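Colleague: The structure is given below, and queries will be raised subsequently.
Throughout, read-outs are computed from the coordinates displayed, never taken from laboratory work. Only a predicted model underlies this, so the values are computations on that prediction, with no experimental measurement involved. Note: ideal-geometry Cβ built from the backbone for every residue, glycine included; neighbour counts use all protein chains shown.
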Amino acid sequence: MTPVRAIIAKELRSYFVSPVVYVVGCVFLLIFGVLSYLAVVNAGNQAIRFMQIQGATAQINLNELVFRPTFYSTAIVLLLTLPILTMRLFAEERKLRTFELLMTAPIGINEIVVGKFLSVFVIFLGILGLTGLVPLTLSVFSDFDWNPVLTGYLGLALMGALFLATGVFASALTENQIVAAFLSFGLLILIWLLGALGSILGDTPVGNFISYLSFIEHYDHLVRGLVDTKDLVYYLSGIVLMLFLAHRVVESARWK
Amino acid sequence: MIEVQNVTKRYGRLTAIEAVTFTVEKGEVLAFLGPNGAGKTTTMRILTCFMPATEGTARVAGYDCLEQPMEVKRRIGYLPETPPLYQELTVTEYLTFAGRLRGLNGHRLANGMARVIERLSLGEVRHRLIANLSRGYRQRVGLAQALLHDPPVLILDEPTVGLDPKQIIEIRELIKSLAGSHSVILSTHILPEATAVCQRVVIINNGRIVAVDTPDRLSARLRRSEKISITVKSPPADGLDQLRTISGVLNVFAAGEPGTYLIECELGRDLREDIARFVVGHNWGLLELKTVSMTLEDVFLRLTQREEGVEQAREASREKESQAIDTERQG
């Protein structure tokens, strides 16, 4: 077993003995359920109204009425929940002095960072996987296009991974878990707001560039069913950048 | 095995250790002795590649800590000041994790675990959560982690802290049994530990090495005067003054019980015969006569507190005390 796998196994074990994963997972799933329920009820109401006006059986588009709004709201929920999962990764080790074990073992800092990131990513994918019950249930009662749903999930997974990588970076900065969580909230909201800033600047090179930096526009493409290499490159490079920063922070902390 | 040369570590403007130089031979057990905050932990952290030195070089088994940290880390077992334990794991889970970090797998991991569990008598608690273990067991789990991959170099930061006397003896025996095959550095602020376990002692204070020697030679080197303790059956009232008249005697103190005197003699002169003859000649009834060599504890205090004038204060108060006893006796 390689050191990275050893770290993933250990982190998963630590996550599952602490209540954090269960609480975060339950709350997230509950909110996701409520959001999709509201979207379905709303879609139903619209269909009835449509029928009353047109008097014919309306073809309601579940993709547009249910999945798209649910995916958009889920982005916000993820932003508020994922930092809670990542906040302990480095901060706790620092606080409890267990970091010395990792740092004096013959493994690289990149292996530590990647191991920790992958462990929390696995947990996130597990929780996200459970939300798949919603589209599965809906598919029993109605027809919809699976493609945008799947690309939406791809968007959620990539954006979640970016949030997690940001959280890993924030956790490396401090030994206080609350500070780590708050830092990642702050960073993520700032990156989000770059989109609004870009749109104020309009269709100029600077404006486009700033909009490109925000994750929300890329997520929007995926939720609409468009898989563009540009968006995938954005997420992957963002994840790599955040993990690289975490690596630098851990490395530089040794020199202080 | 371990070479530390002119290592300096500064945290901003604070200098934690300065120009620390020492070596540890293969199979040697070296004690790092010093008060809290002397720089013991800093030195150990540099050797284990936890942090780099500001200046100077540290080498373990011929590998530079800065340039080839992986090679160094592979050869070191390290028990930090606070044992790095994950509370939420059981002892077996924790040791498995620690072993895998060191690249141990399959048989080697199983053998290593069986060995350390037996050696540190962790069998009973192997399936318990570390969070529920007593301080002594935790310390032993930390030690088990350091020994797991059977490294040639062991760096133990205060290995016996928090253990009860029986466990302390066990751990010391364990460390002694490692001598010969392993090079060990252990830090301690407990003096008997250094004498009990180590072949050489490095005394460090305020980030500087003040002395490196064997425990015996260290105390011999620092003995400023020979001391002889005598106990007599019927001491005369002016016994102190009478003893002072013997040639070669520097000073005499009354020590504790009546009839017991501590005699300071000139360095290099053995006055035992003269004192015995004097006491017997005066019919004081000699019960006991012995030389008192300075314990490492005295050495330690002398070495580490020289700058602060504590030594003088100590000496002065000792003198005052003996004078007080003196006058009390005479009065």
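Colleague: Could you state, as a whole-number percent, how many of the C-alpha pairs of chain A are farther apart than 27 Å? Spell out each step's value before the answer.
Modeller: Values: 14168 of 32640 pairs.
Counting every Cα pair in chain A, those more than 27 Å apart make up 43 percent.
Colleague: Counting other Cβ atoms within 10 Å, keep those with at most 15, restrict to DSSP loop, and tell me which GluC sites (Glu not before Pro) in the range A:1-95 are left. Could you put the intermediate results ahead of the total?
Modeller: Numbers: sites: A:GLU11, A:GLU64, A:GLU92, A:GLU93; in loops: none.
Here no loop site has a sparse enough neighbourhood.
Colleague: Over 25 Å between C-alpha atoms is what I'm after, so list which of B:LYS176/B:LYS290; B:LYS26/B:LYS176; A:LYS10/B:LYS73 land there. Show your work: numbers first, answer last.
Modeller: On the way: B:LYS176/B:LYS290 30 Å; B:LYS26/B:LYS176 14 Å; A:LYS10/B:LYS73 21 Å.
Check vs 25 Å cut-off fails for B:LYS176/B:LYS290.
Colleague: How far is it, in nm, from the label point at A:ALA196 to the one at B:ARG277 when both lie 7 Å from their Cα along the line to the Cβ?
Modeller: Between A:ALA196 and B:ARG277, the simple spin-label model gives 10.3 nm.
Colleague: Ok, one more. Tell me the net charge near B:LEU129. Cut-off is 10 Å between Cβ atoms, B:LEU129 excluded, with +1 for each Lys or Arg and -1 for each Asp or Glu.
Modeller: Surrounding charge for B:LEU129 is -1.
Colleague: Quick one: net charge of B:VAL24's neighbours, Cβ under 9 Å, K/R +1, D/E -1?
Modeller: -1
Colleague: Let me check I've understood the local charge: for A:VAL122, count other residues with C-beta under 14 angstrom from its C-beta, Lys and Arg +1, Asp and Glu -1. What total comes out? Could the numbers behind the result be given before it?
Modeller: On the way: positive: A:ARG5, A:LYS10, A:ARG13, A:LYS116; negative: A:GLU11.
Summing Lys and Arg as +1 and Asp and Glu as -1 gives +3.
Colleague: Could you check which residue among A:THR98, A:THR86, A:THR70 shows the biggest mean-square fluctuation in a GNM of chain A with a 10 Å Cα cutoff?
Modeller: Ranking A:THR98, A:THR86, A:THR70 by mean-square fluctuation puts A:THR98 first.
Colleague: What percent do you get for the relative contact order of the range B:28-141 when only Cα pairs under 8 Å and 6+ apart count?
Modeller: Values: 91 pairs, mean separation 22.5, N = 114.
Relative contact order for the range B:28-141 comes out at 20 percent.
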